[in-house]
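The values are calculated or read from the model by the stated rules, or taken from the named source; none is laboratory data. This is a predicted model, so every value here is computed, not measured. As a convention, Cβ positions derive from the backbone with ideal geometry for all residues, glycine included, and neighbour counts pool all protein chains shown.
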Amino acid sequence: MCWACQEAERERIWQLVDIISTGEMPAGYTAQDLRDMGLPQPGELVREEQPDGTVLIRQVAPKKIESKSAFVCDSPDSE
């Protein structure tokens with residue numbers, strides 16, 4: 001892939017990330033399309049605007065699944 005094509009691909013990916021960071025699904029793409037490209041889904045990114053105008057986009061850590069009951073070993077002690 002030539003340099004210009006690589007640059008165009010990076011710009012396209014950045015535009016998709018920018019849209020996803022607003023919580024919207026990019027037009028013409030499905031959730032599976034984003035997964036296939038290795039991109040996060042809407043709601044998985046946080047967009048923060050800094051006082052100097054800089055925009056930070058960061059990925060949200062996945063939510064921890066809480067277990068309703070803790071594992072308890074019911075085997076007898078070997079001692």
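Residues checked against (1) more than 15 Å from Q59 (Cβ to Cβ); (2) in a helix (DSSP H, G or I); (3) aromatic (F, W, Y); (4) in contact with a helix residue (DSSP H, G or I) (Cβ under 6 Å, 6 or more places away or on another chain):
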position	(1), (2), (3), (4)
M1	yes, no, no, no
L16	no, yes, no, no
P26	yes, no, no, yes
R35	no, yes, no, no
G43	no, no, no, no
### Task
Looking only at segment 55-77, decide whether some residue is modelled with pLDDT of 90 or more and loosely packed, with under 10 Cβ neighbours inside 10 Å.
no
